[in-house]
Structure formats: C-alpha cells, structure tokens
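What follows is a short report on a single structure.
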Amino acid sequence: MSEFLSLFECDESEELLPVCLPPECADGNVEYKLKLINPSQSRFEHLVTQMKWRLREGQGEAIYEIGVEDKGMLIGLTEDEVDASLHTLYMMAEKLGASLTILRERVVTPDGCAPCRKVLEILIRKIESLLKSPACKKIPFNVVTEDDAITSASSMAKSNITPIFAVSCVSGQGLNLLYTFLNVLSPCVSVKEREKLVQQNAEFQVDEIFNVSDVGLVVGGLLVSGIIRENDWLHIGPLVDGSFSDVQVASVHRHKVPCRVVRAGESASLALTNTSTDLTSHVRKGMVLISIESNRTPYPVCYYFQARIHVLFHATMICPGFQTTVHVKNIRQTAVVVAIMGKRGITTNETASVMLRFLKQPEYVTPGCPLLFREGMSKGIGQVIQVFPVDGTEPITFAKKQFDKNQAQAIPLK
C-alpha cells in the first residue's frame, strides 16, 4: 500500500492541525471520519452518497478529516489503518470522478499511548470531472512549476486546456505561478481581429454607474467594438420601454487618467451629458452605449429570446415556469422558462433549446453571445440563438454558418 500513498505526496506534511476541532456540522463541506476500513457494499454506497452531499455543499470541493471523532477529538490511526482508510477514500472519490490531495497530517498520541498515530486532512475535488464533462470538453492541467505556468499560458489560444492553480489566501503560496501565467498569457483577440472590431460601430457595455459631484453621470465598462472619442453623441439604453436616449461623451478616463479616445477591447469611464432629460435615475447596469450611425435595424432589444442551454446541475427537472438568474454579457436579470422545444423538461447533463422571458425590463441581447444561468445549486451554460425585438419586427437569428450541427431550429413566438 506504500505505492498507493505515494500518489498523495504533500509538501506541507509537517504542518500542524489544531489540538481539537469543533464538532462536526451536518451542513457544509467538512466531514469527520475516524476510520474507513473494509466497509460493506451497502456501507460503501452510503459513504459515496455522503461524499456527494459534501461535494455539493462545497461547490465541487470537500474536506475530509481522517482519524477524528464526530465531536472533534483527534484520535488518530496507525499506519495500516491510514493505508486502508486512504484506499477506501480513493475508491469513493473514483466512483464520483473526484481527485484526492493530502493537505496536512499530524502525529498524535492520545492518552500517551504508543505507537504514535496520524490524523490526515484530505481535499476531495471534482473540478476535473466537471471540466471533462460534455458541457465543457476541457482538459484540466494542474500548474505545479513555473514551466507548467508558461506552457499552459502559451497553449491557451491553440488548445482547450484549463489550467488549475493551487493558491493559498493566507500565505500567498502559489501566487507566483499565477503571476507568471498572467504575464505570459497572450491577448485573446489577435491584432487582425482587433482591427476589424475597431472598424465596426461603437458598442460600450455599462458595468458600473457613478454620480460624481460637479461632473454628473459617469459610467464604466468595456468597449466591445468601434471607437469612442470625446464629444461623440451616442444612444444609451434600453430604457424601461425599450427605447434609447441620446447622450454626449463629455470626457473619457482610462486607469484614472484622462484620454481622448477609447478603442475596442479597452475598459474606460465615460462622463455623459444630456441636455433634454435627466438620465441619472434611468441608467442601470446592463445597458449599452451604441453609435447613432449604427445600421442595426431593429436593435436586438427583447423580452423574449431563445437559447440552446446545457444543464450542469439541477436536483430534479427544469420545466416551463422555472425562474433563474440569467447572465448574458453585462446583463444580469431574472428570466422565466416559457417553453422547452421537443421535451417535457431537462435534467442534469441534458441539452435543449428553450424560450426565456425577462421578468423586469427588456435587454439588449445579441444573438450568438454565451449565456450562463444559476438558481441556488442549479446552474447551466448555453448560447443565445434568436431574439424577438419588443417592437414586433422579425426575429433576429444567429448566423446559420455559425450554428452547431446539433442545434435545434428556432421556436416560433406566438
């Protein structure tokens, strides 16, 4: 079994655990186990179900304290008991597609007995299996050395790997690898693609709103396409009724420094003025600033939109009437599932085309943009494939040449 233990080598094996832990809590992602030695089949299935619950509570991560009673007393295990318990724990994690890492271990001598006994703190993680799922189709890559950080950063644009960094929020261990990765990482948009974006009409996503004394309304966000200069006139919206209002850019700041021009791919803060109405109370996060010369007619402002979604997790079944928080670009609003194409409902790891409706106000949604939704423990991803403008004009559909072969046809809106 010594070969098995070598799979769980840890650099911090000598780090001390507390003398006594607080009593085990029924909720949360921390589980105490005195020992896990040769469980029966029914007991093993119960332990796997218990691990699944802890992973769900910890959003894919769970901590197992081995050699600890439910009340928190550190009893410890002998070497043979440690080997057997680790083997059982490994089999449990393998059944759920999770990985194991020994975080810390400590030698204890309860009541002065000999030989010395060990207490282990083990991290169970299911991130790798989530990345490998049909929804993500990514290759997890654990970054351990500086060469790993450079390799992963150089391969991000050409491959579907996802680097995983182990970083301590207390000691800062692992941050140097993350900094190396970020320094080597190339921009996600090439120079040629950025030049194309600059030539398009301006579209600025509003992420932050400020009301500055002696200045007025200031919005912060990302310029997705085009160029914005001082004194430019733009449309801002959509307002509650789906309309847009004219505003003028009074000044531009980037990194707290005044500048005259913002180009596609850059973040900035814009001071806005409007001579006709006071927009301070009407502007909100999720709005956009677009060029007055924009030839997009009509604007993709909608209550109803169709998306092809993949459910990453849901406890039961998602059916029409299900309400969830939808994230599309800079938009965050509650939406309700109006219809599901060809199915009565969808469950975990299923994909379907659904019709959704924003509950509060219309939003500027561009067909083709990615989508994320969540509600409690439920979560999923997808892509917007069709929007239905509020003015009743023809639906705007994602370009067919960019469709996936498995995507369903658009759902007609009655």
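The values are calculated or read from the model by the stated rules, or taken from the named source; none is laboratory data. Everything numeric here is computed off the predicted structure, so don't read it as measured data. Here the Cβ is made from the backbone with ideal geometry for all residues, glycine too, and neighbour counts use every protein chain on show.
Annotations
- Candidate set: segment 214-223, residues that are under 16 Å from Ala202 (Cα atoms) and buried (at least 19 other Cβ atoms within 10 Å of the Cβ); chosen: the one farthest from the chain's Cα centre (by Cα): Val219
- Taking every residue in segment 330-342 that is in contact (Cβ under 8 Å) with a residue 60 or more places away in the chain and buried (at least 19 other Cβ atoms within 10 Å of the Cβ) and pairing it with any residue that is of a type in the set (Gly, Ala, Ser) and assigned to a loop (DSSP other than H, G, I, E, B), at least 6 positions away or on another chain, the pairs with Cβ-Cβ distances below 7 Å are Asn330/Gly286.
- Extreme residue, modelled with the highest pLDDT, among residues of segment 359-414 that are among the charged types (D, E, K, R) and touching a Pro at 6+ places or on another chain (Cβ under 8 Å): Glu363
- One residue from Glu146, Glu81 being closer than 30 Å to Cys188 by Cα, among the acidic types (Asp, Glu) and in contact (Cβ under 8 Å) with a residue 24 or more places away in the chain: Glu146
- Restricting Tyr303, Tyr299 to residues that are in a strand (DSSP E or B), within 30 Å of Thr393 (Cβ to Cβ), in contact (Cβ under 8 Å) with a residue 24 or more places away in the chain and touching a Pro at 6+ places or on another chain (Cβ under 9 Å) narrows the list to Tyr303.
- Enumeration of residues in segment 134-160 that are in contact with a helix residue (DSSP H, G or I) (Cβ under 7 Å, 6 or more places away or on another chain) and under 23 Å from Gly97 (Cβ atoms): Cys136, Lys138, Pro140, Phe141, Val143, Ser152
- Test: residue in segment 157-174 that is modelled with pLDDT of 90 or more and of a type in the set (A, V, I, L, M, F, W, C): no
- Residues in segment 226-268 that are small (Gly, Ala, Ser) and either more than 29 Å from the chain's Cα centre (by Cα) or surrounded by 19 or more Cβ atoms within 10 Å (Cβ to Cβ) (or both): Gly226, Gly237, Gly242, Ser243, Ser245, Ala250, Ser251, Ala264, Ala268.
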